[in-house]
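Below: the structure, in structure tokens.
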Amino acid sequence: MTHATEPLEGAPLIAPSTVDHPLYEPVVEACRTVYDPEIPVNIYELGLIYTIDISPENDVKVIMTLTAPGCPVAGDMPGWVMSAIEPVPGVKSVDVDLTWEPPWGMEMMSDEARLELGFM
């Protein structure tokens, strides 16, 4: 018997997103309007948005991380994401959780972000 707090064997570190929900793309676009103030790339392309979970009732739960735990905007970023998603038509509520597991790494960036930052 596993403990409730232990991850299940083989469970992904990053929970899957609700990509088949009609609000998924508009929510992704809203996330693309939020930028890390230290990096000229939006947080979605940086790979900081781990999971976008949308319930059948249109409640949106976002699990995100930051490039570093000491990020100066750590306290502000979840609010920026919430403010970006709340006005999306059809969204009932928004909840943003910050996680440090798994830690963010450059391999999580999209090709667009790597290109923009000169890594390609």
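Where a number appears in this text, it was derived from the coordinates with a stated rule and is not lab data. The shown structure was predicted, so the numbers you read here are calculated from the model rather than taken from an experiment. FYI the Cβ positions are ideal-geometry reconstructions off the backbone, even for glycines, and counts take in every protein chain you see.
Tabulated data
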{"item": "Selection from Leu48, Cys71, Asn58, by position along the positive dipole direction of the chain (Cβ)", "result": "Cys71"}
{"item": "Exposure proxy ranking, count of Cβ atoms within 10 Å, fewest first, for Val94, Val27, Val73", "result": "Val73, Val94, Val27"}
{"item": "Leu23, Leu117 arranged by Cβ crowding within 10 Å, fewest neighbours leading", "result": "Leu117, Leu23"}
{"item": "Binned Cα-Cα distances of the chain, short to long, each 10 Å bin given as a whole percent", "result": "13, 43, 33, 10, 1"}
{"item": "Dipole magnitude of the chain about its Cα centre (Cβ charges: Lys, Arg +1; Asp, Glu -1), debye to nearest 20", "result": "120"}
{"item": "Theoretical ellipticity at 222 nm over the chain - DSSP helices of four or more residues, -39500 (n - 2.57) apiece, nearest 500", "result": "-5000 deg cm²/dmol"}
{"item": "Backbone HN-Hα couplings from phi across the range 93-101 [Karplus 6.51/-1.76/1.60, Hz, Gly and Pro as x]", "result": "8, 10, 10, 10, 10, 9, 10, 10, 10"}
